[in-house]
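First up is the structure itself, then whatever we jot down about it.
The values are calculated or read from the model by the stated rules, or taken from the named source; none is laboratory data. Quick caveat, the model's predicted, so the values are computed rather than measured. Here the Cβ positions follow ideal geometry from the backbone for every residue, glycine too, while neighbour counts run over all protein chains shown. These accessible areas exclude ligands, DNA and RNA; they are computed on the full protein's heavy atoms, side chains included. Shrake-Rupley method; radii C 1.70, N 1.55, O 1.52, S 1.80 Å.
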Amino acid sequence: MLAFISSIFYLWILHLYFRTSFSKRDLHPVARITVWIGFYFMHSFILANIQPFLLTFILGCCLLIILCESICMASHQRIIFTCLIIYIFGMLAEICVSVFLQLIGFSGEGIASLGSVISKLILLAAVHAITIFRQQQSQNEPSFFYWILLVVITLSSILAIYTVFLFLQSANSSIDRLLSTLAILALLLINVAVYIIYDKLSAAADLHIQILMMRQQIARYHETLANKKANDFFFATERHNLKNQLIGIRAYALKNQTTEIVDFINTLLHENEFGLTPSSFTDNILVDSLLCSKKNLASQSNIRYSVNTSIAACLPFPDADLCTLIGNALDNAFEACLTHKNAAGFVNVTIQYKTNCLYCHFENSYYGTTSFSQSHFFHSTKPDRLKHGYGLRSIKYIASKYDGILSISTENNTFSLKVLLYAPQ
């Protein structure tokens, strides 16, 4: 009876081990059961009729490899290695238990059956430990207390089985022998139940963690979507307002009312850093207005602002593109200086036009951190990033529009932006 229980228990341990180590092959349930039954009878035949230990080991390993190949999916090398490990460990457990029982003076007909049951219990504990280790590598972190509990349960079950088996050997009535056998079976089932409960609780914990992660991802998705909608609405509104503002400016321009145009534009800018200055850097009105617009801000914020220009009064580039390039570069440079008011800020600008090439170099003090996108390009690190980060993208677009070159570097607390544009032919 104990030999049969031990054999069934061994099959169940193998099933757990294969499930932990491999993916199941897509087989019909009848075919899967047939494979297991065939393995059971052939393995029992080998143990009962083959005497040489080495031959028993080789045939048992081969049979286990065939079983694993039939019901699991994995490489041949991995299956062979895994089957050898479990079979060697199982045989070593049986040998160690048998030697230990003989050392403590246990003898009799049931030593083989008792040793087989105890060794299978140790094998189950090993498979359980492997399962815990694999779960430790994922999201679960079993405490050291659980490892101690696993050892205590295994050793306590072995001691209890040994005690019950001694009672079974001395039992005179069939009822006592039946109760002893049932007690051993109950102890084995308790160990199986501990494994199943832990496995189910671990699976439930994994599922709970995955659900929490998915909920967090969904919440972030909804937050990003809401910000995107707000951002789209913001820019749609600004675009609509800009269209109406340009209509008003055009109306003043058609009537040559320059004073009204300047006043209207000043109300739109309404920021002191965009105030007009009497000085001039270059004869190009557009570029000069952009460069001069930052002089008041530099003076008020103690920013050292130097400009070196060598350009003609008229450049072969659309005014809108020059505004995008120079305006965004200046905005980014001064904003970086204003971010760290305690540090001595500086902005150096060089703009030159020679041989149909426009060269722009912007340098500014920089004490922050840079952030790159997947295309290895800088993007905004501000809290409301959806409404920022367009300056450098716009500059990059202008550079590509004229087959130009864009270079960005941050060294020695200095942010350097270089742009080279080729005049359209």
Practice task
May I ask you to verify whether Leu189 is under 30 Å from Ser7 (Cβ atoms) and open to solvent by 80 Å² or more (accessible area, probe 1.4 Å)?
Solution key: yes
Completion exercise
Within the stretch 17-60, residues part of a helix (DSSP H, G or I) and hydroxyl-bearing (Ser, Thr, Tyr) come out as Tyr17, Thr20, Ser21, Thr34, Tyr40, Ser44, Thr56
Exercise for the section: List the number of the failed condition for Ile285; all other conditions in (1) more than 30 Å from Gln352 (Cβ to Cβ); (2) open to solvent by 60 Å² or more (accessible area, probe 1.4 Å) hold. Expected result: (1)
Exercise for the section: Residues being closer than 30 Å to Thr131 by Cα, small (Gly, Ala, Ser) and surrounded by 11 or more Cβ atoms within 10 Å (Cβ to Cβ): count how many of those fall in the stretch 197-237. Expected result: 3
Practice task
Kindly list the number of the only condition in (1) surrounded by 15 or more Cβ atoms within 10 Å (Cβ to Cβ); (2) without any contact (Cβ under 8 Å) to a residue 60 or more places away in the chain that fails for Phe45.
Solution key: (1)
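Listed here are the residues, each with its yes/no results for (1) modelled with pLDDT under 90; (2) among the basic types (Lys, Arg).
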| site | (1), (2) |
| --- | --- |
| Asp319 | yes, no |
| Gln352 | no, no |
| Thr355 | yes, no |
| Lys396 | no, yes |
Handout entry: Residue in the stretch 69-82 that is of a type in the set (Gly, Ala, Ser), closer than 22 Å to Val192 by Cα and not in a helix (DSSP H, G or I) present
Key = no
Problem - Complete set of residues in the stretch 48-65 that are over 19 Å from Tyr17 (Cβ atoms), surrounded by 11 or more Cβ atoms within 10 Å (Cβ to Cβ) and not hydroxyl-bearing (Ser, Thr, Tyr) - result: Ile50, Leu55, Ile58, Leu59
Fill in the blank from the handout: From the option list Leu155, Leu114, Leu124, single residue qualifying as over 45 Å from the mean Cα position of the chain (by Cα) and at pLDDT 65 or above is Leu114
Practice task
Kindly check whether there is at least one residue in the stretch 2-9 that is within 30 Å of Arg177 (Cβ to Cβ), of a type in the set (Phe, Trp, Tyr) and surrounded by 16 or more Cβ atoms within 10 Å (Cβ to Cβ).
Solution key: yes
Exercise for the section: Working only within the stretch 66-89, note down all residues that are more than 15 Å from Arg25 (Cα to Cα) and open to solvent by less than 40 Å² (accessible area, probe 1.4 Å). Expected result: Thr82, Cys83, Ile86, Tyr87
Fill in the blank from the handout: Among Leu330, Leu392, the single one that is modelled with pLDDT of 75 or more, of a type outside the set (Phe, Trp, Tyr) and open to solvent by less than 10 Å² (accessible area, probe 1.4 Å) is Leu330
Fill in the blank from the handout: The one condition Val97 fails out of (1) under 32 Å from the mean Cα position of the chain (by Cα); (2) farther than 24 Å from Phe41 by Cβ is (1)
Practice task
State yes or no: is Arg304 among the charged types (D, E, K, R) and over 30 Å from Tyr359 (Cα atoms)?
Solution key: no
Exercise for the section: Please work out if Leu14 is in a helix (DSSP H, G or I) and closer than 13 Å to Tyr87 by Cβ. Expected result: yes
Practice task
Could you tell me whether the stretch 130-137 includes any residue that is at pLDDT 75 or above and under 20 Å from Tyr17 (Cβ atoms)?
Solution key: no
Exercise for the section: Could you tell me whether the stretch 43-61 includes any residue that is in contact with a strand residue (DSSP E or B) (Cβ under 7 Å, 6 or more places away or on another chain) and of a type in the set (S, T, N, Q)? Expected result: no
